[in-house]
Every structure is written in structure tokens, then in C-alpha cells.
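K.L.:
Attaching a single structure in C-alpha cells format; questions to follow.
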Amino acid sequence: MMPTGIFFYYQQGERLRDFPQALGEILEKDDVFLYDAFYPSKPKSSFDLEPVAIEALHKVHVPEMVDRVKATGNYEGALYSAAGTLAAAVRISSGEIINAFVFTGYGDHHAGSDFFGGGCYFNGAAIAIHELQERFGAKRFAIIDTDAHHGDGTWQLFERNPTVLYICFCSGSSQEKNHNVNIHVPFRVRDSSYLALAKDTFQKWVKVFEPEIIFWNWGYDGTIGEYGDIGLSPELHLQMAREIRKLADEVCSGRLIIILCGGSRRDYANFLIPRIITILAKLAMV
Ligand SMILES: [Zn+2]
Ligand SMILES: [Zn+2]
């Protein structure tokens, strides 16, 4: 079986403080590759991730916005966050790995062509899609977004682009525009209803669209006790991971990139991330 890639850069903050060590024996498996990035002050590893080149950023974000991100002081972290998604997409397309989990410090989906916010600076999925189009001639992409909030940046970037199916689960009203699909999720939703909604909607859309690769903007900020709490249990995310991996197996030979988005709790990160990577790498499927 083709390996799973884990893309990781060393960052500050609470939520990922225990990583990569918290992955434990996952890192020793032959079917898992770790690609990491060190800040310049740290020694080099054999799998260094390079930050995203400025030319690649400018294909998605206007130069003036990139300058504004530089002024926030989070530029380096934003570059490495997007770099993980870009590198994962390239390595999947060149046949080195089958799927990937990307640790980010700053997520994707609130970053549009000329705006950013909500802890998102650059849209890694959009940058990766540009690269796959240009370098590999890929033509069809799906982005599934289950962060609790609406992905206004991703929506704006793809609302006139029929080559990308974007499905966003959030509290906004349900609508559909040119393969951008918003699915309304009620507040205080039960796990079973959420899962049923997922099966009824994104499974159907993705199967009809037939993407060559699926990006999953996975946030856990809708989990009980999180800042975007809509009542989801931690286990729901594992069920979703099983469903989405199965869908990728069916539709695009397993090509799937999970991008860590919202969520702040360290205990949830420690519980969920190793389990989701286990599902992705089919290490111990139950
Ligand atoms: Zn969010
Ligand atoms: Zn939405």
C-alpha cells in the first residue's frame, strides 16, 4: 500500500504542544512518512518542507494582501501552514504518497483573494489546486469544509470556478452556486443527524462531480466545549474521517488531504489527530 504523509512544522501555542510526539508509534510505521519543517534556528532534517514561494502565493492572493499578512507577524507560520498542503498535493500527484494529514498553525478557509481573518492568512488548498493544474494538468477538485464556520475565503476564490466543487457545512443558509454548495447545519445538532446530512449531501455531490483529489478542511471547533460549539461529540469526527476516506477510495483512488483547521483544545487534538491519521493510513481499521 502507498504511504500516508504527515506534514508538520514546529509552531508555538497550546493546541499542538504535544506533537509530533503524541503520534507515538504511528511515526514508526512503514506506511507513514513524516515531512517536517524546522525554523531556521533549528537543525535541518531530511524531510524539510520549504515555505511557499511568493510566485505561488500571488496566483491566489493579491500582492497587497500578502504585504498585509507580513505586517501581522504571523507570516512565517502562514507560509509553512500553506506549504504543508501544497507539498502534500504535489507528493500525492507524483505518486510518492496516497493521502496526507497537514498540521497547520493557520488555516485556509477565511483567506480569499484580497482578504483574510479568523486565524487564516493564506488559502493552502487554493494554492495547491493552482499548482496541480499547472504542473500535473489536474482538472477536477473537491474541497469539503466541516469547520464550524463559513469558509468565506474559499467560497470567494471558487464561486466562478467550475473545476472546483466546494461544499461547506456551516450555520449559513443552504445554497448552491456554480459548484459552490453551502449546507446549513442546525445549532445543537446530534451526531447522527450530522452524519446523515453528510451522507445525503457531500457524498452525492462528490460522486457526481468525480474529483481527482479531495481536500478536507477539517476543523473541530464545532465540538462540545469549543469556541464554535454546535454540539458535536469528539467521536463524530472519527466517523466523518471513516466516511470521507471511504469516499476518496471510491471516487479518486484514495487521494485525500486532511487540513487541520479550527479548534483550540489540546485534549481534543491529542485524542483526535492520532486516531484520524490511523484511519487515514488504515493502520487499525475497525
Ligand atoms: Zn471555525
Ligand atoms: Zn458555509
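The values are calculated or read from the model by the stated rules, or taken from the named source; none is laboratory data. Computed from a prediction, not measured in an experiment: that's the story for all the values here. Every residue, glycine among them, receives a Cβ derived from its backbone with ideal geometry; neighbour counts consider all protein chains shown. In case anyone asks, the SASA skips ligands and DNA or RNA and just uses the protein heavy atoms, side chains included. Shrake-Rupley method; radii C 1.70, N 1.55, O 1.52, S 1.80 Å.
K.L.:
Quick one: if the Förster radius is 35 Å, what FRET efficiency do Thr72 and Tyr227 give, using the C-beta to C-beta distance and rounding to 0.05?
P.N.:
Given R0 = 35 Å and the Cβ-Cβ separation, E is 0.95.
K.L.:
Just the number, please: carbon plus sulfur as a percent of the accessible area of the range 239-286, 1.4 Å probe, no ligands or DNA/RNA counted.
P.N.:
46
K.L.:
Still on this structure, I have one more. Which value in deg cm²/dmol, rounded to the nearest 500, describes the helix-derived mean residue ellipticity at 222 nm for the chain, given -39,500 (n - 2.57) per DSSP H run of n ≥ 4 and division by the residue count?
P.N.:
-11500 deg cm²/dmol
K.L.:
Continuing with this model, one more query. Percent antiparallel among DSSP beta bridges with both residues in the chain, to the nearest 5?
P.N.:
If I count the DSSP bridges inside the chain, around 10 percent turn out antiparallel.
K.L.:
Which shape class applies to the range 131-263: rounded if a/c is under 1.5, otherwise prolate when a/b exceeds b/c and oblate if not, where a ≥ b ≥ c are the square roots of the Cα gyration tensor eigenvalues?
P.N.:
Cα axes put the range 131-263 in the prolate bin.
K.L.:
Report, in cubic angstrom per residue, the convex hull volume of the C-alpha atoms of the range 68-130.
P.N.:
Enclosed volume per residue, from the Cα hull, is 76 Å³.
K.L.:
Using a Förster radius of 22 Å, what is the FRET efficiency between Ser113 and Arg135 based on their Cβ-Cβ separation? Nearest 0.05, please.
P.N.:
Step by step, r from the Cβ atoms, then E = 0.55.
K.L.:
Report, to two decimal places, the Cα Rg of the range 77-195 normalised by 2.2 N^0.38 Å (N = number of residues).
P.N.:
The reported ratio for this selection is 1.08.
K.L.:
While we're on this one: Give me, ordered by chain and number, the residues 5 or more places off Asn180 or on other chains with an amide H under 5 Å from its own placed amide H.
P.N.:
Placed amide hydrogens put Tyr166 under 5 Å from Asn180.
K.L.:
How many percent of DSSP beta bridges within the range 115-262 run antiparallel, rounded to 5?
P.N.:
Counting DSSP beta bridges with both partners in the range 115-262, the antiparallel share is about 15 percent.
K.L.:
Would you give the gap between the C-alpha center of the range 48-64 and the C-alpha center of the range 213-286, rounded to a whole Å?
P.N.:
27
K.L.:
Rank these by accessible area, largest first, 1.4 Å probe: Asp18, Asp221.
P.N.:
Asp18, Asp221
K.L.:
Do you know the relative contact order of the range 226-286, to the nearest whole percent, from alpha carbon pairs under 8 angstrom that are 6+ apart?
P.N.:
43
K.L.:
Continuing with this model, one more query. With viscosity set to 1.306 mPa s at 10 °C, what whole-number translational diffusion coefficient in µm²/s follows for the chain from Stokes-Einstein and a Kirkwood radius over Cα pairs?
P.N.:
Rounded, D is 85 µm²/s.
K.L.:
Membrane-span-like helices in the chain: DSSP H runs reaching 20 Å or more (Cα, own axis), mean Kyte hydropathy at least -1.0?
P.N.:
75-93, 191-209, 234-252, 266-280
K.L.:
Would you work out the relative contact order for the range 116-247, in percent, from Cα pairs under 8 angstrom that are 6 or more residues apart?
P.N.:
25
K.L.:
Loop only per DSSP, at most 15 neighbouring Cβ atoms within 10 Å: give me the chymotrypsin sites (Phe, Trp or Tyr not before Pro) in the range 204-250, ordered by residue number.
P.N.:
Those satisfying the criteria are Tyr227.
K.L.:
Put a dot 7 Å past each Cα toward the Cβ at Leu27 and Lys207; how far apart are the dots in nm?
P.N.:
If labels sit at Lys207 and Leu27, their model points lie 4.0 nm apart.
K.L.:
Could you state the number of Å between the C-alpha centres of the range 101-127 and the range 14-33?
P.N.:
First find each Cα centre; the distance between them is then 23 Å.
K.L.:
Something else about it: Taking a cut-off of 16 Å between Cα atoms, list the aspartates and glutamates near Lys246, but don't count ones fewer than 8 places away on the same chain.
P.N.:
Cα-Cα hits under 16 Å: Asp200, Glu210, Glu212.
K.L.:
Note the full-extension length gain between Glu159 and Glu235 as 0.36 nm times their separation in residues minus their Cα-Cα distance, in nm to one decimal.
P.N.:
Extending this stretch completely gives an extra 24.1 nm.
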